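Worksheet for the structure shown next.
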Amino acid sequence: RKSKKAAQSASTPKADSLVTILEQALQSSDDALLEECLAVSDQRVVDMTVERLPSVRVLPFLLRLTDKVERRPNRGMNLCIWMRAVLMKHTSYLMSVPNLHTKLAGLYQILDQRIGVFPKLLSLSGRLELALSQVSSLHEERQEASVPRTVYDEEAEEPEDPEMDMAVEGEEDDEGSDEDEDEDEYDEEDSDDE
């Protein structure tokens, strides 16, 4: 356990060293060095690094982040961690920058595009959920339909007591004799009428 924790702490740079690397990357426009910094996704380290970033480097850093998101939108989740930290930690400085709206036009455009797609994706998600629930209920109904509701078992229906068999047969004979008597009476009435 100790060796794993030591390896993790050694591989994750601390905010002190990361802010130095980030400043060097921004000053020299070294994209490889910047990518090394952006590979860090630990929220605590990112927040502390951005907080220690000098104000003069904040806007260039934010513009570089925006440019990277524009070129490769699939990196948006990782880069948003850094963007959010910059916007949260340096809000007061960014509000004092003249013409910030025009400088961050690319960021506004990206956000507007993502926000514009969101209701459509939400609607699609709802439709997919409805379709999946219908498919699931149809599948359940088919499974229920394939299982017989009642099963006839001949052995279970036959009485086990032989005396019961005779009693049942005797009742059937009695019912038959009553019908015969009714027929005889009917025949007699017909013959009297003639």
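The values are calculated or read from the model by the stated rules, or taken from the named source; none is laboratory data. Computed from a prediction, not measured in an experiment: that's the story for all the values here. Ideal geometry is used to build each Cβ from the backbone, glycine not excepted, and the neighbour counts take in all protein chains shown. Ligands, DNA and RNA are excluded from the accessible area calculation, which covers all protein heavy atoms including side chains. Shrake-Rupley method; radii C 1.70, N 1.55, O 1.52, S 1.80 Å.
Descriptive notes on the structure:
- Residues Ser123 and Gln24, FRET efficiency given R0 of 35 Å [Cβ-Cβ distance, rounded to 0.05]: 0.15
- q = 0.21 Å⁻¹, region 56-126: log10 I(q)/I(0) [Debye, one scatterer per Cα]: -0.94
- In the context of the full set of protein chains, residues of region 4-128 present 64 Å² of accessible surface per residue (probe radius 1.4 Å, heavy atoms only).
- Two-site FRET efficiency, Asp67 against Ile115, from Cβ-Cβ distance with R₀ of 25 Å, rounded to 0.05: 0.80
- In this structure, Asp16 and Val97 have a Cβ-Cβ separation that, at R0 = 30 Å, corresponds to a calculated FRET efficiency of about 0.70.
- Trypsin sites (Lys or Arg not before Pro) restricted to region 64-154 and DSSP loop, no more than 16 other C-beta within 10 Å: Arg149
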